[in-house]
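The values are calculated or read from the model by the stated rules, or taken from the named source; none is laboratory data. Please read all numbers here as calculations on a predicted model, not as lab measurements. Here Cβ is always computed from backbone atoms with ideal geometry, including for glycine, and neighbour counts include all displayed protein chains. Ligands, DNA and RNA are stripped out before the accessible areas are found, and what is left, the full protein with its side chains, is counted by its heavy atoms. Shrake-Rupley method; radii C 1.70, N 1.55, O 1.52, S 1.80 Å.
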Amino acid sequence: FFLVISVVRAAETMSSTESEVEALEKGEILTEEEPGKWAGKQGTHVPTASKEGQEVVIKVGHGMASDHWIQYIWARSKDGKLLGGVKLAHTDTPELKITLPDGVDTIVVFESCNLHGVWKKEFIFS
């Protein structure tokens, strides 16, 4: 019974996160190459990703304070399918772990900073 409740809550959380990140993606999206007015902030805002087996660990090298933090991290497949996402509090570590589905070797990772906007980076795993 506990397992079923946990799975339902995880699904609700993912659904809520999906609608929130979809809204964020409609605004300006910054990249390492095109940081907009936030040039110089790439080192603490561009996500990184490492893969071992099918597990990908996504990190953002950004401090987390009550007035400045990473609000969301999420990943999509090349065709736009949401592979995972997390809404963060300033007390959390800015990290997300996902499992790559079979056949997926390219992901687009996003993060949203409460002060410096949404950043993305594409990763190709061979």
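Scanning the stretch 108-126 for residues that are among the hydrophobic types (A, V, I, L, M, F, W, C) and surrounded by fewer than 14 Cβ atoms within 10 Å (Cβ to Cβ) gives Leu115, Ile124, Phe125.
In the stretch 8-17, the condition of being farther than 15 Å from Cys113 by Cβ, of a type in the set (S, T, N, Q) and either open to solvent by less than 40 Å² (accessible area, probe 1.4 Å) or modelled with pLDDT of 95 or more (or both) is met by at least one residue. Within the stretch 97-120, the set of residues being under 15 Å from Leu24 (Cβ atoms) and not β-branched (Val, Ile, Thr) comprises Phe110, Glu111, Ser112, Cys113, Asn114, Leu115, His116, Gly117, Trp119, Lys120. Under the condition of being surrounded by fewer than 19 Cβ atoms within 10 Å (Cβ to Cβ) and assigned to a strand (DSSP E or B), the residues counted in the stretch 27-53 number 6. When the residues of the stretch 54-82 are narrowed to those that are among the aliphatic types (A, V, I, L, M) and assigned to a loop (DSSP other than H, G, I, E, B), which ends up nearest to the chain's Cα centre (by Cα)? By that ranking, first place goes to Val60. Mind checking which residues of the stretch 54-64 are closer than 16 Å to Gly117 by Cα and free of Cβ contacts under 8 Å to residues at least 40 places away in the same chain? Of everything in the stretch 54-64, those that are closer than 16 Å to Gly117 by Cα and free of Cβ contacts under 8 Å to residues at least 40 places away in the same chain turn out to be Gly61, Gly63, Met64.
Looking at Leu100 and the list (1) within 17 Å of Gly43 (Cα to Cα); (2) without any contact (Cβ under 8 Å) to a residue 60 or more places away in the chain; (3) hydrophobic (A, V, I, L, M, F, W, C), which single condition is not satisfied? Condition not satisfied by Leu100: (1).
Taken over the stretch 111-126, the residue count meeting the criterion of being at negative phi and assigned to a strand (DSSP E or B) is 10.
Filtered by the rule that a residue be in a strand (DSSP E or B) and surrounded by fewer than 19 Cβ atoms within 10 Å (Cβ to Cβ), the stretch 85-107 gives Lys87, Glu95, Lys97, Thr99, Thr106.
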